[in-house]
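Visitor: Can you keep this structure in mind? I'll have questions shortly.
The values are calculated or read from the model by the stated rules, or taken from the named source; none is laboratory data. Since the model is a prediction, treat every value here as computed from it, not as a measurement. Virtual Cβ from ideal backbone geometry, glycine too; neighbours counted across all protein chains shown.
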């Protein structure tokens, strides 16, 4: 019988990281409501995967407005994906989901309140400075929410400035906060990986690209198409 691995999945770099394990089967105690095109949905799905959890996935049709229906609004007043249901609770907003999963599993979070505050600061910064720009340029390029060229150029410039800040940080440290991966890396990675869709070139940011490779080498990492399938 295959087993579901949750909190016993070791931290990356731990002595037993390379032990043989079976792929976790779907754990119906975790239910993820998501959309394959949603960057925040990928952040939530990736966090669960890195913690050895394979949730039940329900895809929400954003184009038809399913996220605004009474049934979905009963799960979250925000009418947005992702939402995670677990242990009788409904958790909305990707940053909150990452913090919740870290707390429940004991993985990728901070060791004390000060470290958790520093990790959280990167997540707030991502929402304010990076994701708000990258995602807007991405939806413009994909034709989902077109912008006028001046506005698109403005957000492209802001994205570049934010990426330069990450480049500087990662040139001095392998991870965003401390010497190990945390939910700060999961959160920011879930934004940066969509730079290709936004036609934002990372060629001149070697530290960012090396960091992305480190994230992608973590046990459990997978592409959105693999994690966001019903």
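Visitor: Whether any residue in the stretch 150-164 is farther than 23 Å from residue 45 by Cβ, surrounded by 17 or more Cβ atoms within 10 Å (Cβ to Cβ) and free of Cβ contacts under 8 Å to residues at least 24 places away in the same chain is what I want to check.
Guide: Looking for residues that are farther than 23 Å from residue 45 by Cβ, surrounded by 17 or more Cβ atoms within 10 Å (Cβ to Cβ) and free of Cβ contacts under 8 Å to residues at least 24 places away in the same chain, one finds at least one in the stretch 150-164, hence yes.
Visitor: Another question, then. Would you be able to tell me the number of residues in the stretch 34-74 that are under 20 Å from the mean Cα position of the chain (by Cα), part of a loop (DSSP other than H, G, I, E, B) and more than 18 Å from residue 187 (Cα to Cα)?
Guide: 3
Visitor: In the stretch 168-194, what count of residues is obtained for those that are under 15 Å from residue 119 (Cα atoms), touching a residue at least 24 places away in the same chain (Cβ under 8 Å) and part of a loop (DSSP other than H, G, I, E, B)?
Guide: Number of matching residues: 8.
Visitor: Considering only the stretch 52-60, I want to know if a residue exists there that is surrounded by 14 or more Cβ atoms within 10 Å (Cβ to Cβ), under 23 Å from residue 130 (Cβ atoms), modelled with pLDDT of 95 or more and in contact with a helix residue (DSSP H, G or I) (Cβ under 6 Å, 6 or more places away or on another chain).
Guide: The answer is no, given that none of the residues of the stretch 52-60 is surrounded by 14 or more Cβ atoms within 10 Å (Cβ to Cβ), under 23 Å from residue 130 (Cβ atoms), modelled with pLDDT of 95 or more and in contact with a helix residue (DSSP H, G or I) (Cβ under 6 Å, 6 or more places away or on another chain).
Visitor: Can you name the residue in the stretch 110-133 that is surrounded by fewer than 18 Cβ atoms within 10 Å (Cβ to Cβ) and over 16 Å from residue 190 (Cβ atoms) and, of all such residues, is nearest to the chain's Cα centre (by Cα)?
Guide: Per the stated criteria, the residue is 121.
Visitor: Further question on the same structure: Can you confirm whether residue 174 is crowded, with 23+ Cβ neighbours inside 10 Å, at negative phi and either modelled with pLDDT of 95 or more or over 16 Å from the mean Cα position of the chain (by Cα) (or both)?
Guide: It is false that residue 174 is crowded, with 23+ Cβ neighbours inside 10 Å, at negative phi and either modelled with pLDDT of 95 or more or over 16 Å from the mean Cα position of the chain (by Cα) (or both).
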